[in-house]
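J.: Sending over a structure as structure tokens; questions will come in a sec.
Here, each number is a calculation from the coordinates, and none is a lab measurement. Note that the coordinates shown come from a computational prediction; the quantities given were computed from them, not determined experimentally. In this analysis, Cβ positions are derived from the backbone assuming ideal geometry, glycine residues included, and neighbour counts consider all displayed protein chains.
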2 protein chains.
Amino acid sequence: MRSAEMIELWRGDLPESQHCGHAVICDAHGVVEAWGQPAQVIFPRSSCKMIQALPLIESGAADAAGLTERQLALACASHSGAALHVAAVGDWLAGLGLAEPDLRCGTHMPRDAAENRRLTCSDTAPCQLHNNCSGKHAGFLTLNRHLKGGPDYVEPDHPVQQAAKSAFEEVTGEVSPGFGIDGCSAPNWACSVEGLARAMARFANPGPDRRGQAMRRLVDAMRSHPDMVAGEGRSCTDLMRAMGGAVAVKTGAEAVFVAILPEQGLGIALKITDGATRASEAAITALLSHLGVLDPAHPVARDLLGAPITNCRGRITGELRTAAGFPA
Amino acid sequence: MRSAEMIELWRGDLPESQHCGHAVICDAHGVVEAWGQPAQVIFPRSSCKMIQALPLIESGAADAAGLTERQLALACASHSGAALHVAAVGDWLAGLGLAEPDLRCGTHMPRDAAENRRLTCSDTAPCQLHNNCSGKHAGFLTLNRHLKGGPDYVEPDHPVQQAAKSAFEEVTGEVSPGFGIDGCSAPNWACSVEGLARAMARFANPGPDRRGQAMRRLVDAMRSHPDMVAGEGRSCTDLMRAMGGAVAVKTGAEAVFVAILPEQGLGIALKITDGATRASEAAITALLSHLGVLDPAHPVARDLLGAPITNCRGRITGELRTAAGFPA
């Protein structure tokens, strides 16, 4: 389907590369503004972690385990695997009487520079606690203990994943066309960009019911603990801090980005078709500025969109710009 | 301008991301086959290093300095900054009575894992010899000594860069619409995808004249020293080895890839519009297989296009495929 030109990389006086995508802004009633094809089916990847965390609270598992707001933020996170994240997930598992081997997320080197350097220079392999999804998986294990399910909680037909699928289809308002296996081995259900924006708008307009209360707790947890949702120098953490905690944002692999704006009652979802994170970060920056919740002159916003790009001698080589027709 | 769908990332049974681009195959007489817009203006980036190296040989500077074939390969390289590359460029400069401070490429951490780890774990900053373009710059310095130019050989109006520009416009058969400053601070002149493919076809069909001889020497140097052109595990090195040295290939930043096929008398140039290297590597693999010079079943070809993508638990999550209408 036809996508919209969103972000351009300029070098000198000429455009060098271009990123197209689909973006939708919804309020409680539906689509407010859109670019590209709202019906485009995408994999939300990690951008839907707050949806996957709904059963954790709605089932009563979170309160039964006495989870803190910080732990709820970690359940919605793609963290950097910094020492504080690793310790927090380790403590969480210990509190459940579980340990690292109970995770099913697998291992990868952490993004956090200090922890990455520590592991690299000490010839130490990363453990599953370092996985950027380990907080989400600690949430899955907390729900699983409550549901008394089997140990392989990432299998698509497992009660934990079926609960996540039901919540996903309910808040997106769509029957998912299927799932893919995510990097952390959990099933990732597909939906339209509009469906994902609709879900974010529901998080921005939570009702008084059980679901609304769960949504409010997760959004407040993300906004109150931006350091748990990603990490130092990461776009989610920096953008939430730059907006003073007024908005919750979450990135997903392959250039998905979502935002929840409670004060405006708006939800945003976007996907850059080529999967480039530099473009999804620039595009969400443009949309948050367009909606007046992010100052485009803020250092964080400038860094993600519009600031001069310099080379290894400090010379300016170009910049990322929004394409004509997409909010500057 | 309208680009062609070339590469798709599939997750499970659904397409997740898509890469479009422009590709042209030329022979000595002109365009043989094309996808997207042959007239699209692009920055060749490092894919045109063999063009920038023509004046080094044509001026007599290379022979005056007694450059080896290995050094000529390094002049066309985007090397990994491995110990052997750093030593080779250091020795080259010493042979000219010059040293690292004479370079103007700047510094960045090397791609080579062992050297990167050595610098990281010993708190050592990389030097300009580690810059992936240091071989090209050693070539610039060799030409500069011959031309008796000033020390700032990367300035666009410097004799070294003017010689590179002239060679570039002659072999592309176009007047460049302008330049951008490259990551290594040298000017990078723009041309059309067709112009870049035409230049590669000229390298594949070298005449008996001075230029033809220079082209033959550079192509032979690249094919004979694939380890100098990039490094272990890098696509240029792996692809040239996989084709038994029959074809010279070179990547460029922002997803440009070129190939020189002397036996077929063909030249290839492609640009993925979004700048994703995973897609330019997959697309050149598809085109080299399409032309019968690369076995699509070869481990290197499979690794760049079509092999199952696995996550950090070893589970298959998807694969890169060619889009309908682009050679499989």
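J.: Given the C-alpha centroids of the stretch A:263-328 and the stretch B:242-304, what is the distance between them in whole angstrom?
T.: Measuring centre to centre over Cα atoms gives 32 Å.
J.: Pop out the ³J(HN,Hα) list for the stretch A:184-192 in order, Karplus 6.51 cos²θ - 1.76 cosθ + 1.60 with θ = phi - 60°, rounded to Hz; leave Gly and Pro as x.
T.: 8, 6, 7, x, 10, 7, 7, 7, 7
J.: Project the alpha carbons of the stretch A:135-199 onto their principal axes and report the range along each, largest first, in whole Å.
T.: The Cα atoms of the stretch A:135-199 stretch 34, 22, 21 Å along their principal axes.
J.: Starting at 0 and stepping by 10 Å, how many percent of the alpha carbon pairs of the stretch A:1-51 end up in each bin?
T.: Spelled out per bin, shortest first, that is 21, 37, 29, 11, 1.
J.: With charges set only on the Cβ (+1 for Lys and Arg, -1 for Asp and Glu), what does the dipole of the protein assembly as shown come to about its Cα centre, in debye to the nearest 20?
T.: Numbers: 58 positive and 70 negative charges, 76 e Å.
The dipole of the protein assembly as shown has a size of about 360 debye.
J.: To continue, here is another question. Using r as the Cβ-Cβ distance of A:THR68 and A:ARG241, and R0 as 25 Å, what FRET efficiency do you calculate, to the nearest 0.05?
T.: Values: r = 20 Å, r/R0 = 0.81.
In this case the efficiency is close to 0.80.
J.: Next question, about the same structure. Considering amide H positions built from the backbone, and no H for Pro or chain starts, which residues 5 or more places from A:CYS191, or on another chain, come under 5 Å of its amide H?
T.: A:ILE42
J.: Top mean-square fluctuation among B:ASP238, B:ASP209, B:ASP27, Gaussian network model of chain B, C-alpha springs under 10 Å?
T.: Of B:ASP238, B:ASP209, B:ASP27, the most mobile in the Gaussian network model is B:ASP209.
J.: Size of the dipole of the stretch A:4-322 about the Cα centre, Lys and Arg at +1 and Asp and Glu at -1 on the beta carbon, nothing else charged, in debye to 20? Write down the numbers at each step before the final one.
T.: Numbers: 28 positive and 35 negative charges, 71 e Å.
Rounded to the nearest 20 debye, it is 340 debye.
J.: Here's a follow-up. Considering only B:ASP123, B:ASP274, B:ASP102, give the residue with the highest GNM mean-square fluctuation for chain B, with springs between Cα atoms whenever their separation is below 10 Å.
T.: Its mean-square fluctuation being the largest, the pick is B:ASP123.
J.: Two decimals is fine: what is log10 I(q)/I(0) at q = 0.09, 0.14, 0.15, 0.18 Å⁻¹ for the stretch A:190-328, from a Debye sum with one equal scatterer on every Cα and no solvent?
T.: Computed log10 I(q)/I(0) values: -0.27, -0.64, -0.73, -1.03.
J.: Got the A:ALA307 label distances to the other copies yet, label 7 Å along Cα→Cβ, in nm, shortest first?
T.: Output for A:ALA307: 3.6 nm, nearest copy listed first.
J.: Kindly provide the trypsin sites (Lys or Arg not before Pro) of the stretch A:101-158 that DSSP labels as loop, not H, G, I, E or B, and whose Cβ sees at most 13 other Cβ atoms within 10 Å.
T.: On the way: sites: A:ARG104, A:ARG111, A:ARG117, A:ARG118, A:LYS136, A:ARG145, A:LYS148; in loops: A:ARG104, A:ARG111, A:LYS148.
In loop regions of the stretch A:101-158 (DSSP not H, G, I, E or B), the sparsely surrounded trypsin sites (Lys or Arg not before Pro) are A:LYS148.
J.: Same structure again: So for the pair B:ARG210, B:ALA328, with labels modelled 7 Å out along Cα→Cβ, what separation do we get in nm?
T.: Taking the two extended label points, one gets 5.1 nm.
J.: Separate question: Output the pairs from A:LYS49/A:LYS165; A:LYS165/A:LYS250; A:LYS148/A:LYS250 with a Cα-Cα distance over 21 Å in this structure; if there are none, say none.
T.: Details: A:LYS49/A:LYS165 12 Å; A:LYS165/A:LYS250 19 Å; A:LYS148/A:LYS250 30 Å.
Those over the limit are A:LYS148/A:LYS250.
J.: Can you tell which of B:CYS48, B:CYS312, B:CYS191 shows the greatest fluctuation in a Gaussian network model of chain B with Cα springs below 10 Å?
T.: B:CYS312
J.: Quick check on the stretch B:4-322: what does the Kirkwood estimate of hydrodynamic radius come out to from the alpha carbon pairs, in Å? Please list the in-between numbers first.
T.: Values: mean 1/r = 0.0508 Å⁻¹.
For the stretch B:4-322, inverting the mean 1/r across all distinct Cα pairs yields 19.7 Å.
J.: Which FRET efficiency value, to the nearest 0.05, do you get for B:LEU84 and A:ALA87 by plugging their Cβ-Cβ distance into 1/(1 + (r/R0)^6) with R0 = 41 Å?
T.: Values: r = 41 Å, r/R0 = 1.00.
E between B:LEU84 and A:ALA87, to the nearest 0.05, is 0.50.
J.: Follow-up question, since we're still on this one. Positive end of the dipole of the stretch B:175-285, charges at C-beta (+1 Lys, Arg; -1 Asp, Glu), about the Cα centre: which of B:PRO187, B:ALA204, B:MET243 has its Cα farthest in that direction?
T.: Checking the options against the dipole of the stretch B:175-285, the answer is B:ALA204.
J.: Let me ask another. Between the stretch A:82-150 and the stretch A:38-56, what is the C-alpha centre distance in whole Å?
T.: The two parts, judged by their Cα centres, are 21 Å apart.
J.: Largest first, please: the extent of the C-alpha atoms of the stretch A:41-178 along each principal axis, to the nearest Å.
T.: Principal extents (Cα only, largest first): 47, 36, 26 Å.
J.: Further question on the same structure: Write out the cysteines belonging to chain B for which the nearest other cysteine Cβ is not under 4.7 Å, or none if no such cysteine exists.
T.: B:CYS20, B:CYS26, B:CYS48, B:CYS76, B:CYS127, B:CYS191, B:CYS236, B:CYS312
J.: Apply the Karplus parameterisation 6.51 cos²θ - 1.76 cosθ + 1.60, with θ equal to phi minus 60°, to every residue of the stretch A:115-131 and state each ³J(HN,Hα) to the nearest whole Hz, in sequence, with x for glycine and proline.
T.: Each residue's phi maps through the Karplus curve to give 5, 4, 5, 4, 5, 4, 7, 10, 6, 9, 7, x, 10, 5, 5, 6, 4 Hz.
J.: Please compute the Kirkwood hydrodynamic radius over the protein assembly as shown, one decimal place, Å, based on all pairs of different Cα atoms.
T.: The Cα-based Kirkwood calculation yields 26.1 Å.
J.: Can you list, shortest first in nanometers, how far B:GLU5 lies from the same residue in the other copies, with each label 7 Å from Cα toward Cβ?
T.: With the label placed 7 Å along Cα→Cβ, B:GLU5 yields 2.1 nm.
J.: Using a 7 Å offset from Cα along the direction of the beta-carbon, what are the separations from B:PRO101 to the same position in each other copy, nm, ascending?
T.: Label-point separations across copies, in nm and ascending: 5.9.
J.: At a 10 Å Cβ-Cβ cut-off, how would you order B:MET6, A:MET200, fewest neighbours first?
T.: B:MET6, A:MET200
J.: Which value in deg cm²/dmol, rounded to the nearest 500, describes the helix-derived mean residue ellipticity at 222 nm for chain A, given -39,500 (n - 2.57) per DSSP H run of n ≥ 4 and division by the residue count? Mind dumping the intermediate values first?
T.: Values: 14 runs with 129 residues, N = 328.
Roughly -11000 deg cm²/dmol at 222 nm, from the helical runs in chain A.
J.: Residue-wise, which Karplus ³J(HN,Hα) couplings in Hz belong to the stretch A:83-94, taking 6.51 cos²θ - 1.76 cosθ + 1.60, θ = phi - 60°, and x for glycine or proline?
T.: After applying 6.51 cos²θ - 1.76 cosθ + 1.60, I find 3, 5, 6, 4, 5, 4, 6, x, 5, 4, 4, 4 Hz.
J.: Given Cα pairs under 8 Å that are at least 6 residues apart, what percent is the relative contact order of chain B? Mind showing how you got there, number by number?
T.: Details: 700 pairs, mean separation 78.9, N = 328.
It comes to 24 percent, rounded to a whole number.
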